[in-house]
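First comes the structure, then the notes that go with it.
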Amino acid sequence: MSEVLDASPYDALLLLSFGGPEGPDDVVPFLENVTRGRGIPTERLKEVGRHYFLFGGVSPINAQNRALLDALRKDFAEHGLDLPVYWGNRNWAPYLTDTLREMVADGRRRILVLATSAYASYSGCRQYRENLAESLAALEAEGLELPRIDKLRHYFNHEGFVEPMVDGVLRSLAELPEDVRAGAHIAFSTHSIPTASADTSGPVETHGEGGAYVAQHLEVARLIADAVRERTGIDHPWQLVYQSRSGAPHIPWLEPDICDHLEERQAAGAPAVVIAPIGFVSDHMEVLYDLDTEARAKAEELGLPMRRSATVGDDPRFAAAVRDLVLERAAVQRGEDVTPCALGTLGASHHLCPVGCCPARASRPAAAGADSPYA
């Protein structure tokens, strides 16, 4: 350790995630939290939660967040970054409000937030900011001194996020039978969202067909495909595809769906497919069920050799990327010149979400942005 790294003015990092059930009795209450205000009957929630019950009612996301917490704390300690790391969830314990209350009691007053979503969208960014505002309002109602909260920028094109996924695709290609490996197609998968939400993702100037959400995913897909070509000498065909649609049938969502795509690739003569879940930080339920269960079953039905590459998870390179993002944001707050790490052509994302960025259908307060009521 050659130096003590400076995170000032920040005195804590908060890992903010979605949360998930940790037993069968948790599934319906968890889904009630996720769908609060939509009036969905309990019986319908039980049907929606059937994939959780296939895994004993346990979502892997909490264990994966604990592993990421350990990786961050280890990396920070090894590199001389004295910054405590906390963890809070939107929809399950440890709940965000409880964690912020704990942080205030510990004397934390300048908090950086790492959301487990790398891309711009309402559900991947602004909704987290709305949850932060709700929690701050709850603390304010309790008479507590409110901390100032900033959110780390989108990290989709940071080297520490991209490189582990490159390695994952290379490993998956190597696992395919040799006679189909060279012609394998790569399906880069992410969460489908309503097209209206995609079209308004990112700052106002990026709004349009697909918005920042699609553009950022295409950038990551290109970066990985280019790296695979450079390291193998093979130019694998690829496409961005979507999964985990959950909306009403009459509302347009991003397509093609991964299972439909597998049918199309098989019909077009693709000898094999590697599915790369670039839209997800860890192998949580939507990866285990939608890809490892449903998509795998579809590939087997089609007789199409398929491998699924790993997400970033607690890879040390991702932990190092978070450290880099923390130091970058701290330096910006101190008024220093910073050269951010950003691969590709889109450049580094904004540090402060501007007004009109990833708007909600109904206006709600959102923290950690230019329109935040909590400066």
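The values are calculated or read from the model by the stated rules, or taken from the named source; none is laboratory data. What you see is a predicted model; the values in this text were computed from it and never measured. Cβ coordinates were reconstructed from backbone atoms using ideal geometry, including for glycine residues, and neighbour counts include every protein chain displayed. Please note that ligands, DNA and RNA were not included when accessible areas were found on the heavy atoms of the full protein model with its side chains. Shrake-Rupley method; radii C 1.70, N 1.55, O 1.52, S 1.80 Å.
A few comments on the model shown:
- Residue check, L68 open to solvent by less than 10 Å² (accessible area, probe 1.4 Å), out of contact with any Asp or Glu (no Cβ under 7 Å at 6 or more places or on another chain) and closer than 24 Å to R109 by Cα: no
- Filter pass, L54 being more than 27 Å from A248 (Cα to Cα) and hydrophobic (A, V, I, L, M, F, W, C): no
- Residue check for E263: open to solvent by 20 Å² or more (accessible area, probe 1.4 Å), of a type in the set (D, E, K, R) and within 16 Å of the chain's Cα centre (by Cα): no
- Residue match in region 271-287 (condition: surrounded by 16 or more Cβ atoms within 10 Å (Cβ to Cβ), touching a Gly at 6+ places or on another chain (Cβ under 6 Å), of a type outside the set (G, A, S) and at pLDDT 95 or above): yes
- Enumeration of residues in region 330-368 that are touching a strand residue (DSSP E or B) at 6+ places or on another chain (Cβ under 6 Å) and part of a loop (DSSP other than H, G, I, E, B): A367, A368
- For T232, the criteria (1) touching a Gly at 6+ places or on another chain (Cβ under 7 Å); (2) surrounded by fewer than 19 Cβ atoms within 10 Å (Cβ to Cβ); (3) not acidic (D, E) hold in every case but one, which is (1).
- Taken together, the criteria exclude L327 from residues that are open to solvent by 30 Å² or more (accessible area, probe 1.4 Å) and assigned to a loop (DSSP other than H, G, I, E, B).
- The one condition in (1) part of a helix (DSSP H, G or I); (2) at pLDDT below 95 that M1 fails to fulfil: (1)
- Of the criteria (1) out of contact with any Gly (no Cβ under 8 Å at 6 or more places or on another chain); (2) in contact (Cβ under 8 Å) with a residue 40 or more places away in the chain, which one D26 fails: (1)
- Only a single criterion out of (1) modelled with pLDDT of 95 or more; (2) exposed (fewer than 15 other Cβ atoms within 10 Å of the Cβ); (3) under 23 Å from the mean Cα position of the chain (by Cα); (4) among the acidic types (D, E) is not satisfied by E32, namely (1).
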